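Please read the structure below before turning to the comments.
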Amino acid sequence: MSITSYKTIVLSDIHLGTPHSKVTEVCRFLETVSCRKLILNGDIVDGWYLQKGNRRNPWQKKHTAFFKQIIRMMERDDTKVIYIRGNHDDFLNAVAPFRFANIRVLNFYIHKSNDKRYYVTHGDVFDSVTTGMKWLAKIGDVGYSILLSLNKYVNRRRIKKGLPYYSLSQAVKKQVKQAVSYVSDYENQLAKLARAKKMDGVICGHIHQAANEMIQGIHYLNSGDWVESLTALTEDFDGNWQVYSYDKNLIESVD
């Protein structure tokens with residue numbers, strides 16, 4: 001298997017512990033790459049789901065396999081791991097900041113890319129629902145889970161017909177005007193934050209929508225997710241960023 005080397009890889013919103021996490025696919029991606037620095041930018045583990053306590057065996061071997069893959073990268077490539085807490089893994093607030101060997105657990109991080117500096121944050125602090133009305137965010141999380149369950153049903157039928165993978169939940173979100181406005185406001189607020197901190201760019205996650213664009217003179221990067229989009233951010237050794245997209249037709253199962 002050929003290995004592609006990067007300076008930096010950013011992953012977010014894997015939501016380990018939920019039935020919707022495409023953990024097999026993210027592990028396959030990591031098996032094909034190496035990097036000096038791996039940034040896990042929040043919602044890697046879904047503590048909200050695990051805390052519900054009414055699910056049978058929500059944590060599976062494949063979820064543990066993700067962290068085993070990270071350890072292999074650390075041993076093989078001396079990869080430095082930066083784990084930024086998100087809203088779904090906010091249990092990390094109890095330990096952050098924390099450092100052990102090549103792993104750092106933080107609330108935010110400054111990433112240096114050649115002569116540029118990027119503010120790294122999961123991004124939930126700019127979501128008024130997540131920060132101010134957690135109960136409402138959890139209701140929205142239930143609705144999102146229902147959409148993802150419908151998504152599985154739709155794709156089982158599409159696979160039988162020989163049709164490619166289709167994200168029903170993302171299609172619904174794109175049709176909702178308020179959702180489009182929310183994404184735009186979110187991006188602009190993060191761009192303002194980066195400028196206020198005299199940064200060249202911002203790296204975030206949270207909204208499950210990958211991006212690599214300039215906003216108000218700020219380089220805005222979003223790593224997307226491994227629930228629907230199956231995307232990551234990669235930085236080469238010249239400081240160039242790309243959005244990596246996993247081939248959704250290779251998704252192991254929609255069961």
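So in region 1-18, with the set limited to residues that are in a loop (DSSP other than H, G, I, E, B) and without any contact (Cβ under 8 Å) to a residue 60 or more places away in the chain, which one is surrounded by the most Cβ atoms within 10 Å (Cβ to Cβ)?
Top of the filtered list is GLY17.
For region 209-255, what are the residues that are in contact with a helix residue (DSSP H, G or I) (Cβ under 8 Å, 6 or more places away or on another chain), over 30 Å from GLY162 (Cβ atoms) and either surrounded by fewer than 19 Cβ atoms within 10 Å (Cβ to Cβ) or among the aliphatic types (A, V, I, L, M) (or both)?
Selection gives ALA211, ILE215, GLN216, GLY217, ILE218.
Residues in region 19-39 that are in a loop (DSSP other than H, G, I, E, B) and closer than 24 Å to ASN57 by Cβ: how many?
4
For ASN57, only one of the following conditions fails: (1) in a strand (DSSP E or B); (2) of a type outside the set (Ser, Thr, Tyr); (3) more than 18 Å from the chain's Cα centre (by Cα). What is its number?
Result: ASN57 passes all but (1).
Say we look at region 56-112 and pick out the residues that are farther than 25 Å from GLU31 by Cα and in contact with a Leu (Cβ under 6 Å, 6 or more places away or on another chain); which of these is surrounded by the most Cβ atoms within 10 Å (Cβ to Cβ)?
It comes out as ALA96.
Mind checking which residues of region 77-102 are touching a residue at least 24 places away in the same chain (Cβ under 8 Å), closer than 25 Å to SER34 by Cβ and not in a loop (DSSP other than H, G, I, E, B)?
Of everything in region 77-102, those that are touching a residue at least 24 places away in the same chain (Cβ under 8 Å), closer than 25 Å to SER34 by Cβ and not in a loop (DSSP other than H, G, I, E, B) turn out to be ASP77, LYS80, VAL81, ILE82, TYR83, ILE84.
Kindly indicate the residue of region 40-54 that is assigned to a loop (DSSP other than H, G, I, E, B) and under 13 Å from SER21 (Cα atoms) and also modelled with the lowest pLDDT among those meeting that condition.
As a first pass, look at region 40-54 and keep what is assigned to a loop (DSSP other than H, G, I, E, B): 42-44, 46, 51-54.
Now restrict to residues that are under 13 Å from SER21 (Cα atoms): 43-44, 46.
Numbers: ASP43: 94, ILE44: 96, ASP46: 91.
My answer is ASP46.
Report, by residue number, each residue of region 111-120 that is at pLDDT 95 or above and within 17 Å of SER223 (Cβ to Cβ).
HIS111, TYR118, TYR119, VAL120
Of all residues in region 207-245, how many are touching a Lys or Arg at 6+ places or on another chain (Cβ under 8 Å) and touching a residue at least 40 places away in the same chain (Cβ under 8 Å)?
8
The values are calculated or read from the model by the stated rules, or taken from the named source; none is laboratory data. None of these values were measured; they are calculated from a predicted model. Reconstructed Cβ throughout: ideal geometry from the backbone, glycine too, with neighbour counts over all protein chains shown.
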